[in-house]
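I have placed the structure first, in the form of structure tokens, so that the comments after it can refer back to it.
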Amino acid sequence: MSPKKAKKRAAEGASSNVFSMFEQTQIQEFKEAFTIMDQNRDGFIDKNDLRDTFAALGRLNVKQEEIDDMLKEAPGPINFTVFLTMFGEKLKGADPEETILNAFKVFDPEGTGTLKKDYVTEMLTTQADRFSAEEMEQMFTAFPPDVAGNLDYKNLVHIITHGEEKDQE
């Protein structure tokens, strides 16, 4: 059996029931994310794809060890089914607040809890489901950045998931 067929067979066995865990729209969004990350379009996400994805997100100095650790989380080569299964396992029982916070933390490697308004605008208007200028205006009206132009994403996530502002400690 060719290595490519072996790769495909191993990946297919990962989980056939994973598609029932998500709604069709969610599967489509995961497929878009997978396609963005599969930089070389071979149907698998490998270390070069991850490095290129990080670079596209502005993280240029990602340690090889960090990428290797990510790939070790997969049971084998990462095709779309494996990718979806991994997200299913991560999201199973996950608190929506924690899930959204973790998405923001990807863009905040220093863990400050804030992101620059300009950076948020650029990411939300140029990636995946792009926000319109009007949607950005609505968001910043509802969640205004501070005087330095920083968006407190921890408070934003709290309001999204709980419907009210977090009490300032």
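The values are calculated or read from the model by the stated rules, or taken from the named source; none is laboratory data. All figures in this text were calculated on a predicted structure; none of them were measured in a lab. Quick reminder, even Gly has a Cβ in these numbers, built from the backbone with ideal geometry, and neighbours come from all protein chains shown. Side chains are part of the model used for accessible areas, which takes the heavy atoms of the whole protein and leaves out ligands, DNA and RNA. Shrake-Rupley method; radii C 1.70, N 1.55, O 1.52, S 1.80 Å.
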State the three equivalent ellipsoid semi-axes of the stretch 16-91, derived from the C-alpha gyration tensor as the square roots of 5 times its eigenvalues, in descending order and whole Å.
22, 14, 11
So which DSSP H runs in the chain come out at 15 Å plus along the axis (Cα) with average Kyte-Doolittle of at least 0.0?
80-91
Rg to Rh for the stretch 97-162: what is it, with Cα atoms only and Rh by Kirkwood?
0.93
Just subtract the alpha-carbon distance of Gln138 and Lys63 from 0.36 nm times their residue separation and send over the number in nm, one decimal.
23.2 nm
MRE, 222 nm, helices only [DSSP H, n ≥ 4, -39500 (n - 2.57), over the chain, to nearest 500]
-17000 deg cm²/dmol
Unit charges on C-beta of K, R, D, E only; dipole of the stretch 97-162, Debye
80 debye
Using amide H atoms built 1.01 Å from N in the peptide plane, name the residues 5+ places from Ile78, or on other chains, whose amide H lies under 5 Å from its own.
Ile45
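If contacts are Cα pairs under 8 angstrom and at least 6 residues apart, what is the relative contact order of the chain in percent?
Values: 130 pairs, mean separation 34.0, N = 169.
About 20 percent, as a whole number.
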Taking all protein chains as present, what is the carbon and sulfur share of the accessible area of the chain, in % to the nearest whole number, probe 1.4 Å?
53 percent
Take Glu97, project a point 7 Å from its Cα along the Cβ direction, then tell me which residues of the stretch 126-157 have their backbone nitrogen under 18 Å from it.
152-157
Ordering of 80-89, 42-51, 99-108 by burial proxy (mean other Cβ atoms within 10 Å per residue, highest first):
80-89, 42-51, 99-108
Cβ crowding within 10 Å averaged over residues, with 70-77, 33-40 ranked highest first
33-40, 70-77
Counting only heavy atoms of the protein chains, get the accessible area per residue of the stretch 97-162 (1.4 Å probe) and round it to a whole Å² value.
62 Å²
Find out how many positive minus negative residues lie around Asp52, taking Lys and Arg as positive, Asp and Glu as negative, among other residues whose Cβ is under 15 Å from that of Asp52.
-1
